[in-house]
Amino acid sequence: MARAISHRKKMMWTALAWGIGLLIFFPILWTFLTSFKAEATAIADPPVWFFFDWTTENYTAVLERSNYPLALMNSIIIAVGSTLLGIIIAVPAAWAMAFVPGKRTKDVLLWMLSNKMLPAVGVLYPLVLIAKYFDVLDSRILLVVILMLINLPIIVWMLYTYFREIPGEILEAARMDGANLKNEIIYVLTPMAVPGIASTILLNIILAWNEAFWTILLTTVNAAPLTKFIASFSAPEGLFYAKLSAASIMAIAPILIMGWFSQKQLVRGLTFGAVK
Amino acid sequence: MGRITLDKVQKKFGEVEVIPPLDLTIEDGEFVVFVGPSGCGKSTLLRLIAGLEDVTGGEIRIDGKPATDLPPAKRGLAMVFQSYALYPHMSVRKNIAFPMKMAGMDQAEQERRITKAADALNLTDYLDRRPGQLSGGQRQRVAIGRAIVREPAAFLFDEPLSNLDAALRVGMRMEISELHKTLATTMVYVTHDQVEAMTMADKIVVLRAGHIEQVGSPLELYKAPRNTFVAGFIGSPKMNLLTGATAAKHNASTIGIRPEHLDVVSEGGTFTGRVGVAEHLGSDTFFHVHIPEMTEPMTVRAGGEVGLRHGDTIHLEPRAEHIHRFDDKGLRFACHA
Amino acid sequence: MATEHSKSSARFMIAPAVFVLLVWMLVPLCMTLYFSFADYRPMRNTFDAWIGFSNYASFLTSSSFLSSVMVTLQMVAGILLITIGGGVALALLLDQPMFGQGIVRILVIAPFFVMPTVSALVWKNMFFNVDNGLFSYLWKFFGAQPYDFLSQSPLLSIVVIVAWQWLPFATLILLTAVQSLSSEQLEAAEMDGAPGYSRFWYIILPHLSRAITVVILIQTIFLLSIFAEIFVTTNGAFGTRTLTYLVYQRVLESQNIGLGSAGGIVAVILANIVAIFLMRIVGKNLDN
């Protein structure tokens, strides 16, 4: 492994990688910059880069004049609520499958995965009907339940792969050391499982936050989260670039930061352990 | 304190009988090694004693008290696992303290024992580290520390050295032997390495397919292997086993001669062959000799440096008093012919 | 120690998850199946519970179905091409020694965390817009006529937006795979005299093949149901109506539930074909 790499080569790779990295990141950067411009500056010809009068007026405008706070609240409640509900249902299931595997465990896991692959349009109208029947259209509870259901397979899978990594010998060691089942769970299993559960929560909040099929089609105003709010941001040509940018940055910033922390879990969570 | 008795202990996994009914007594303070090829049931036997597996039949008694239905925690045994099984989220100190904490021991006593164990195992400087920051040998010591602080009736070791490199293994082997001398507590040790068995054990139990092939002290096993399996398994390099006409001359169906019981003679000798590989170690020389009587090369150990090379002709004379004779079932004849 | 007791409690622990997923899968799907054989148009108060396969017949023979399948295929293929090609290149690039590798990685994966509606709107307005988009300025800067992406090449525009979102996913997974390749293997190939491109072709690419397959399958599953990006940009116009979007329009816009449901069932069947391959790979991995 250890091999002297010429400094010039390393500089070359650095320059290339940074160039491409910035290019890919550019739309986000540009949105960020635009969000601090006056509307007129935002559509200036030629485009203005860094040197303009930075203003936060777009942010205050979005916060004051629109449904933004409600949408933000809805996003938080729906993303966090659906994830926690999913965790409550998934932890026992993943636990049992990892530690007491049976003959059909594999089949159950694969069947759960097949749920995730069901195209949403296939069940669109029945869901609308059911929601109407229970009078929960455009309600947070409906989206909490639906997003929990669509992400439950991923939650179970992620937890399962984490739990399976806890070596059996450690549990046996605890038993030899005199721990009863209660102490085994409190002192050994839980501390070892918590990091996995935390990563699962993180990734699923991200997935739920960005879900944009059910949130768009099953809400109007009351339960509309940021996905729907942004979609309805129908700017007349060019007039609202700065405010659109401010709203966008506020919608993606928290999740972007969470996402950077969860990059490792992303691979595990979205490939169902097929790539390690 | 620490006499373990197995009485017709049997284990089945489903329909498969891993350990047929088996009797064994481990005396207090003894260092007993279970040895055998992989899959011989030695680890299963240890786990039955530990209580990590349920017995299918028979009884286990510890110090005369029935322990068959006791959970592992109640048997008063400590175990050192192959993977060490340290708790990754706890510091070394907490790892060692865990069994005492579970037993509800008071803080001062816990501290005293941790200090003593850390001192004995050279862990004092590492008490506040996590297992992930330790080397293999240090982890091994933590696992042992966790076992000794409980002052158990007996220690169980499940191939504890197999994850260490060769040099470390020799060192740890001696440390464990030292520990046994100091504590004088019963130790049951599982390994597939006959060198470990020979060097550490008071008593060796040779297992094959769940059966006990022979029980005895290392020297008993070396001098009088009960059958060809034990003969071939104990001793390094392996005993040479010859069949056919050569064996018939000794009224046996198989005879065994250890490499160290063959003398290199200048001419004549019972066996004459061509040197294949010659390993010159300085202190000893090992020859792998191709002789017509054996399909595999015959291994010969000569003391010091013997100047024969690949391709040379060699004459060998076995020492008559060290020829082991086995009957057609592979069992040892009671006495020499 | 799997005793009988622990096995029954395990079943009890798995039951809630299995139950909710079973209900979630079966109830709506059966309803869709039921509607797909009915002539159900609530706006016109039409409801005829059984009209046989005529919904399927008219859905499958309509020109909009064929074109939607073509659009879906082109879209998915285009996105896969960009993300896999770009992903392999980026993964190899990020694996090189460099300064600030962690930061570059953060920059590259960022688009994945941008919600679909935001990325679609940002690209639509601030990049593709013919009057004020950055691309127009760029075109003008080089003396070219500004190009109206979304009306001239709507499909390509959507492909670019979605590929931008999924490139990080492919990169991250392929990077994980690249990093799991033992450097000894590459050094052995170097010792055997294989030049750079042969090492890529005979060692790296075969090593990545499994990860590439996984990326293709998972992305395909997700890409088949692209919705928000189309909804926000073209609303299905200008030949960007995918199968998913067609079904959505039949069900919610024209309220032809029977026809839409038949389309939904068709979409489910098509998605399952891809899913079977993915499940095989995942299932194999479970065994070891």
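What base-10 log of the normalised intensity I(q)/I(0) is obtained for region B:22-74 from the Debye formula, alpha carbons as equal point scatterers, at q = 0.15, 0.25 Å⁻¹? Listed by q, the Debye log ratios stand at -0.45, -1.19. Each semi-axis of the equivalent ellipsoid for chain C is √(5λ) with λ an eigenvalue of the Cα gyration tensor; in descending order they amount to 39, 32, 17 Å. For region B:4-228, the percent of C-alpha pairs falling in each 10 Å distance bin, counted from 0 to the bin holding the largest distance, reads 8, 33, 36, 19, 4, 0.
Beta-bridge orientation, region B:4-228: approximately 50 percent antiparallel, per DSSP, counting only bridges with both partners inside. Taking other C-beta atoms within 10 angstrom as a stand-in for reagent exposure, A:Trp13, A:Trp18, A:Trp54 fall in the order A:Trp54, A:Trp18, A:Trp13, fewest first.
Put in order of Cβ neighbour count within 10 Å, fewest first, the listed residues A:Tyr187, C:Tyr34, A:Tyr162, A:Tyr133 become A:Tyr133, C:Tyr34, A:Tyr187, A:Tyr162. The orientation-averaged projection of the convex hull spanning the C-alpha atoms of the protein assembly as shown amounts to 50.4 square nanometres. Two numbers describe the Cα atoms of region B:221-264: Rg and Dmax, which are 10.4, 28 Å. Short to long, the 5 Å bins of the Cα pair-distance histogram for region B:238-326 hold 3, 15, 26, 28, 16, 8, 3, 0 percent of all pairs. Three principal axis extents of region A:28-102 based on alpha-carbon atoms, in descending order, are 66, 26, 15 Å. With a threshold of 28 Å on the Cα-Cα distance, the over-threshold entries among A:Lys106/B:Lys101; B:Lys65/B:Lys101; A:Lys182/C:Lys7; A:Lys264/C:Lys124; B:Lys42/B:Lys116 are A:Lys106/B:Lys101; A:Lys264/C:Lys124; B:Lys42/B:Lys116.
Across region C:24-162, Cα-Cα distances exceeding 26 Å account for 55% of all pairs. When all alpha carbon pairs of region A:1-156 are counted in 10 Å bins from zero, the resulting P(r) reads 8, 19, 19, 21, 22, 9, 2 %. The C-alpha atoms of region B:189-337 occupy a region whose extents along the principal axes are 44, 36, 24 Å, arranged from largest to smallest. Less than 5 angstrom separates the built amide H of B:Asp284 from those of B:Gly304, all sequence-distant by 5 or more or on a different chain.
Can you pull the percent of Cα pairs in region B:89-199 with separation above 23 Å? Of all Cα-Cα pairs in region B:89-199, 27 percent lie more than 23 Å apart. Normalised by residue count, region A:2-59 yields a Cα convex hull volume of 126 Å³ per residue. Of the residues C:Gly87, C:Gly193, C:Gly52, the one that moves most in a GNM of chain C with alpha-carbon contacts below 10 Å is C:Gly193. Taking the alpha-carbon centroid of each part, what is the distance from region C:173-252 to region B:159-221 in angstrom? Their Cα centres are 53 Å away from one another.
Note on region A:65-269: Kirkwood hydrodynamic radius from all Cα pairs is 18.9 Å, rounded to one decimal.
Here C:Tyr202 and A:Lys9 are evaluated by their C-beta separation; at R0 = 25 Å the FRET efficiency comes out at 0.60.
Mean separation of Cα pairs under 8 Å and 6 or more residues apart, divided by the residue count, gives region A:51-194 a relative contact order of 35 percent. About its Cα centre, the protein assembly as shown has a charge dipole of approximately 1160 debye under the convention of +1 per Lys or Arg Cβ and -1 per Asp or Glu Cβ, with nothing else charged.
No value in this document is a laboratory result; all are computed from the given coordinates. What you are looking at is a predicted structure, and each value in this text was computed from that prediction instead of being measured. Cβ atoms come from the backbone with ideal geometry, glycine included; neighbour counts cover every protein chain shown.
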